[in-house]
Amino acid sequence: MSFLLFLVSFQAQAQTPVTGISDGGVPKDIQIIIDRDSKTWTTEEKEKVTGYVISTNSPSVGSTGPSLPGTVNCFDYYHFGSVQVDLSTTLSQTVPGATIGFSGEIKNNNVYPIVDGQVYVKIFKVKNGDFNQENGSALVDQFPLEEMFVIPALGSKKITFSWNVPENAEGGEYTAAFFFQTSKRYNLLGLSFTDDVTGNQVHFSVISDDDKGTVALDKNTVTLNNQTHRFAAFPLRFAKDENVKVVVRIVNPRNEAVTVPVVWKLYAWDSLREEALRDTKIEAVQLKPKEIKEISYTALPIKEIVSYLVVETSDQASKSILNIRFARDGIEETRINFPSIVAYPLEKNKENNIFSCVHSIGDGVVKDNSLTLTLRDEKERVIHTYTYEGDITSAMMGIKDSFVPLKNYTTFSLTANLKHKGKTVEEVRVVYDCRDIDVNSCPKPMSTTTKVIIVVTVLLFIFAFGKILKNKGIIPLAVYLLIVLPALFLGTPNSAEAKSVSVTQSLPILGFYEGSANPGGNGIGGISTTVTYNATVSLFGADLVDGSSIPSGSTVRVQWAPGSSNTSWVGTGGTYDSPYGRWDSSAKSCTTYSDCYGINTIYGSFYRIIYQGDMAITPPSFSISGSGLTCGTTLGGVRTSGPYNAFMCQYVPSPTYCATVVSYSPFYADCVVTALSGESITMNVAYPSASGAMRAGEFVSYDSGSTATYSRSGGLSFSVPAQAISFSFVAAPPSSPPTTPTVTYQNPSLVNTPVDFTVTSTDADGDNIRYGFDWDRNNTIDEWVPSVGYVSSGTSQTVSHTWSTTGYKYFNAKTQDINNNYSTQVLKSINIVSTIVNGVCGPANGTTRLTTAPTSGLCDAGTLSFVMDGGTYYRWDCRGTNGTDSVCYAYKNKTPTASISSPTTNITINTSQSQQFTGTATDLDADGTIVAYEWRTGGCSSGTLLSSLASFVHQFSAGTYRVYFRGKDDSGVWSTNCPNRLITVNTPDPINGVCGSANGAASQNKPTSNLCNTVGLPGPVVSPENISVLPESGTPSSWTWTCAGEYGGTDVSCSSNTSCGDNKCQRTKGESPATCRADCKVKFFEF
């Protein structure tokens, strides 16, 4: 940002020595010292000049000097304050944690468009109505809006944004101040690097019932190398290579220790562009309860003249910010200010102008410079270029050149290139695009008819020569063009609120009296004053949005409150800015030397000239005119005079001339809406011309404690032009109010934590609605949802709010439709607690197949209740603290079941029989298995174990047996139903052994079948163990065996003759019978 409106720095011109305060003249040797730069004075020389009026050989503060050749008056083309950021809020008050919305429009009062524009916002807090005249209010937030704006000549753009009030914001009066820059450099409204030279403003209050205070940076105790820094005064100056130690006090107002971050960022000139950042330091500062601690940062020399140090700390959501600006001597630096055209678009054969302002930042003139302005079209072809070569002064200069375009241009760029000694020191490019500025100015596309005619003409031409050019591929080209050209040519279809007005005006040179002489040519030149008026229109305590509907017969209130920071004044060029003005109906301009001798002072630096000034304006009452309403008399505006301002009086010999702290109550008037339903309502709030006065001067201070000696002073009177703010409304037809809103939220909720509230309502007439929350129940809406505008009937909205203390809190909510009808108010309560613990079941929850009650993993959060046995499960509660409870379950192991499939019932058998036993066990747990079985006699879990198999065969001795069966699952649990069978085993009658059919039958081989036939059994029983083959030696004459009796029966011997038939033997081997028998014998015994 290369601008500016600062107190004009010195111009090189000789001064006429003046006499001292004493009756005698200034000795020649003293005058020689005085004529030199005071920074070169020795200690002895300083002592010598003490007591004399100082006449410096530095140029006059306000003398602008003659224009340099090739330059013009910058302010003939560049108009500070020519853009209005007329933003406002529909809330006159709010509470911590709420969201406050701003809406309105940006107005361009220039005859040329503004491009690449940006709005910068600062939020100031005036705690308890306190306003520090030399430092202003506490800065609690600052930020640029993200959107970049292009505004047509004499046009406007709508704008909305919201600001979240910190949850721990302190109560008091707040001001939102708006600034406007282009290219993130050039100021058209306010100076964003100052706290006093602002543009439009909006005032609102924050109501808090818990003002514990927040950690903040003390704006009133900042020092730079032990010199007091003033935020609404001229910046301190230091040597080129001097390290500057910045000391800031940080204050903890609370009764608790706290650690906060502090971020120091050093920029060149301002902080709008990150490329200007030169250094960053981040630290954590620990503060004891109620502690005030000094913290510091040492700014090392940078190559630029102006250093801009931004210091920021945050305490929870609240911020405290200081913007500290100082300058360095001995550096040559120049800056561009606002290159532009004077008319848009560029029209063929019509003269236009390009211009730019430029100035040096230091004192005096910088030589060997060039500033080149170049216009280029969309294809970067030069349309026009102009170069100024020569000196650049600290007073703002204008460079302009006229030219006549050879054709029309609606999209083009302007580049400004500033060089010093042949090296580029700054370059900026501004793009003018009709699509952004005014789409109607863009070249109009041809009509569809014209396009079709052109296409058909081209195609006919091609086809006419088709036969001649057929071999050269023109016919295929014609077909291609028939398809493509229409697409190329046809293209696609073209697709009452708080208000403020800020007025800036230039004043003539304020001439200085020298001694008792009349005002001379010396003084302050290039002065600009800025005054901001604001007005609100409210209904039922809520500010109205411009264009709203107001029920006929209702009463609205119009109000204007003169704010402490609504006035400011500045000079031009160099590095200087200026103090606030003030509202005061008793202010006057000094008209004599004795009057001017006592003017108020702005603090300078050690052995530097101190410039002092005071501007006061009488706050005007307002009048209301319009249609559709009848307004009463304007009331209010009561003046209250406070104590003397210590800072403004510190160099003044008598309190008679001191500025006092003056405040005014708001001006207001009530108006009754007389318009009928559907009729328009217009309201014009007019502020008449206001009278103002200025006093200013300069003197030398030898040190911070010595009495200053005045050299020059003077004053002037001026008038602030009349201003007006307009509103328009519509008289609302009779309609039904919306329904009472339904509000849902978590209750209880945590302290210092955003709580989400969902609100819903409907409007019987289908009107759009919004929801109002009165968080502190003082019958004033603190937050609208949405923050700007309305939503359709039935649309739910969500808003967050935070409380910083515990306990039951109460708030009201109601619905408003677009016709300003309100629903019934609903009262809600919420319990804000320091801790919320929801009961949460532990990993034991949901477990299965437990054999005993769980003792661990029961609750992840909450308090454990006792564990209850529910038969098949265990249950316990995890009870929350200010939260929900959880019911938890764990399930017991399911006992397996057993059944016997064989035998199917009780049976009777005898000892000769074996019995098959088969059983089945089932695990009722889905993931369980059976791992063991038991068959027992004498009991289910005791007695004699018969088998561990699911199926087995067993033969009992005589007797009675009850056989039990059970199964065991993989959790080690046995079935308990234990099925059983009664087995009765009897002893049978005796059975004698009986020989089988093999008995007595001759056989050459050992008989193996039909040996025994035991009578009485179901079938033949062959028991090889009952066979005894005899003899095993001797002459084989027979086979013998025994068939044993059973159950006490007798045994019987059986036999079978051997047979070695001769015929068979002879037939087989051809041997004699004797030989054959011998072989047979051998075979027998081999058996």
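Every residue, every condition in (1) under 26 Å from the mean Cα position of the chain (by Cα); (2) in a strand (DSSP E or B); (3) under 24 Å from residue 318 (Cβ atoms), yes or no:
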| site | (1), (2), (3) |
| --- | --- |
| 178 | yes, yes, yes |
| 187 | no, yes, no |
| 212 | yes, no, yes |
| 219 | no, no, yes |
Item to check | Given (1) modelled with pLDDT of 95 or more; (2) touching a Leu at 6+ places or on another chain (Cβ under 6 Å), number of the condition residue 836 does not satisfy | outcome: (1)
Next on the checklist: Quick check on my filter: what residues within region 412-433 are more than 14 Å from residue 387 (Cα to Cα), of a type outside the set (A, V, I, L, M) and in contact with a Lys or Arg (Cβ under 8 Å, 6 or more places away or on another chain)?
Outcome noted: 412, 413, 426
Item to check | Members of region 376-414 found to be out of contact with any Phe, Trp or Tyr (no Cβ under 8 Å at 6 or more places or on another chain), assigned to a strand (DSSP E or B) and not polar (S, T, N, Q), listed by number | outcome: 382, 388, 389, 390, 391, 392, 397, 409
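Let's see how each residue does on (1) surrounded by fewer than 21 Cβ atoms within 10 Å (Cβ to Cβ); (2) touching a helix residue (DSSP H, G or I) at 6+ places or on another chain (Cβ under 6 Å); (3) closer than 13 Å to residue 71 by Cβ:
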site: 326; (1), (2), (3): no, no, no
site: 349; (1), (2), (3): yes, no, no
site: 372; (1), (2), (3): yes, no, no
site: 399; (1), (2), (3): no, no, yes
Item to check | Selection within region 730-759 - modelled with pLDDT under 90 and not in a loop (DSSP other than H, G, I, E, B) | outcome: 730, 731, 732
Item to check | Odd one out for residue 906, checked against (1) touching a Leu at 6+ places or on another chain (Cβ under 7 Å); (2) over 25 Å from residue 978 (Cα atoms); (3) not small (Gly, Ala, Ser) | outcome: (2)
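Does region 295-308 contain any residue that is within 23 Å of the chain's Cα centre (by Cα), among the hydroxyl-bearing types (Ser, Thr, Tyr) and not assigned by TED's automatic domain parsing to the domain that holds residue 430?
No, there is no match, as no residue in region 295-308 is within 23 Å of the chain's Cα centre (by Cα), among the hydroxyl-bearing types (Ser, Thr, Tyr) and not assigned by TED's automatic domain parsing to the domain that holds residue 430.
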Next on the checklist: Looking only at residues that are touching a Phe, Trp or Tyr at 6+ places or on another chain (Cβ under 9 Å) and either buried (at least 20 other Cβ atoms within 10 Å of the Cβ) or not assigned by TED's automatic domain parsing to the domain that holds residue 817 (or both) in region 789-802, which one is farthest from residue 97 (Cα to Cα)?
Outcome noted: 799
Item to check | Unique residue being modelled with pLDDT under 90, outside the structural domain of residue 784 (by TED's automatic domain parsing) and in contact with a Ser or Thr (Cβ under 9 Å, 6 or more places away or on another chain) when the list is 687, 657, 702, 710 | outcome: 702
Next on the checklist: I'd like to check something: does region 160-176 contain any residue that is modelled with pLDDT under 90, more than 21 Å from the chain's Cα centre (by Cα) and within 27 Å of residue 789 (Cβ to Cβ)?
Outcome noted: yes
Checklist outcome for this item: Checked 199, 155, 172 against criteria (closer than 30 Å to residue 359 by Cβ and surrounded by fewer than 24 Cβ atoms within 10 Å (Cβ to Cβ)); the one match is 155
Checklist entry - Taking region 219-250 only, how many residues are surrounded by fewer than 21 Cβ atoms within 10 Å (Cβ to Cβ), over 21 Å from residue 302 (Cα atoms) and modelled with pLDDT under 95? => result 3
Checklist entry - Can residue 902 be described as hydroxyl-bearing (Ser, Thr, Tyr) and in contact with a Ser or Thr (Cβ under 7 Å, 6 or more places away or on another chain)? => result yes
Next on the checklist: Going through 337, 323 one at a time, which residue ends up being in contact with a Leu (Cβ under 8 Å, 6 or more places away or on another chain) and within 30 Å of residue 405 (Cβ to Cβ)?
Outcome noted: 337
Checklist outcome for this item: Selection from region 903-947 of residues of a type in the set (Ser, Thr, Tyr) and within 30 Å of residue 990 (Cα to Cα) yields 905, 908, 911, 912, 914, 937
Next on the checklist: Against the definition (under 30 Å from residue 779 (Cβ atoms), β-branched (Val, Ile, Thr) and out of contact with any Lys or Arg (no Cβ under 6 Å at 6 or more places or on another chain)), how does residue 833 come out, yes or no?
Outcome noted: yes
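The values are calculated or read from the model by the stated rules, or taken from the named source; none is laboratory data. Here the structure is a predicted model, which means the values were calculated and not measured. Every residue, glycine among them, receives a Cβ derived from its backbone with ideal geometry; neighbour counts consider all protein chains shown.
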